Amino acid sequence: MRLVTVLAVVLAVGAAHAQVKSAPVAAKPVGAVAPSDKPAVPLETIRALEREMDARIAATGTPGDVCVVQAPTRGFYLTGLGAVFTAEVSLAATPGAALLFGAPVGAEQKARIHKSKLAHIPMLEQTLQAMVLSLVGSPALKLAENEQVVVAIRFFDLTWEDRSNLPVQMVARLEHRGAAIKVDVQ
């Protein structure tokens with residue numbers, strides 16, 4: 001008799017559950033873009049600007065002694081905030097691969113590399129200012145008056161290098177149209 005009662009309760013609960021219809025919920029995951037939603041700045045535009053910035057950074061310096069882009073520029077656009085671009089850069093070419101094969105870097109070469117890096121700091125600062133101005137005026141970005149442009153460079157150094165008087169990063173920012181470009185060297 002107990003078995004019949006348990007089966008009856010299970011069947012009743014199952015039947016009641018089958019009659020309950022749940023309404024479909026149209027949930028959109030956080031950050032998801034519906035197929036009809038288009039980003040304010042297309043990815044192709046951001047990628048073209050990234051390549052242009054890499055070329056400008058790689059041309060900073062003197063012939064035969066230029067900055068080296070270690071990690072390519074990455075950019076993104078946030079509606080209401082603006083555009084942000086980041087890159088990892090060595091202020092001068094270093095013999096990193098040669099060290100893998102046991103070729104030591106002499107004191108004279110270390111001093112020459114350090115001197116080159118120090119000389120490139122003001123040059124890269126000018127390059128960043130020019131890039132920010134270019135980005136602000138870019139018709140491709142379509143920045144609103146209150147949106148800002150930030151270009152941040154983190155500097156790459158090897159462990160054997162002389163780090164004295166070298167910055168860790170450089171950030172150029174234009175907070176809104178008509179403002180002065182601020183460059184922070186840290």
Take Gln126 and tell me if it is exposed (fewer than 14 other Cβ atoms within 10 Å of the Cβ) and modelled with pLDDT of 95 or more. yes
Selection within segment 112-125 - closer than 16 Å to Ile153 by Cβ, in contact (Cβ under 8 Å) with a residue 24 or more places away in the chain and not aliphatic (A, V, I, L, M): Lys117, His120, Glu125
Out of His120, His176, sole residue that is over 18 Å from Glu52 (Cα atoms), in contact with a strand residue (DSSP E or B) (Cβ under 9 Å, 6 or more places away or on another chain) and modelled with pLDDT of 90 or more: His120
If you take the residues of segment 129-154 that are surrounded by fewer than 21 Cβ atoms within 10 Å (Cβ to Cβ) and within 19 Å of Gln186 (Cβ to Cβ), which of them is nearest to the chain's Cα centre (by Cα)? Ala152
Name the strands (runs of 3 or more DSSP E) wholly inside segment 143-186 in which the number of residues that are on the phi > 0 side of the Ramachandran plot is 1 or more. none
Confirm whether Pro104 is under 16 Å from Leu49 (Cα atoms), free of Cβ contacts under 8 Å to residues at least 12 places away in the same chain and in a loop (DSSP other than H, G, I, E, B). no
Which of the residues spanning segment 51-65 are under 17 Å from Arg154 (Cα atoms) and β-branched (Val, Ile, Thr)? Ile57, Thr60
Taking the condition modelled with pLDDT of 90 or more and either of a type in the set (S, T, N, Q) or on the phi < 0 side of the Ramachandran plot (or both), does Phe101 pass? no
Filter segment 36-78 for residues that are hydroxyl-bearing (Ser, Thr, Tyr), modelled with pLDDT under 95 and part of a strand (DSSP E or B) and give the result. Thr62, Tyr77
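The values are calculated or read from the model by the stated rules, or taken from the named source; none is laboratory data. Worth saying up front: this structure is predicted, and the values here are computed from it rather than measured. We place every Cβ from the backbone using ideal geometry, glycine too, and count neighbours over all the protein chains shown.
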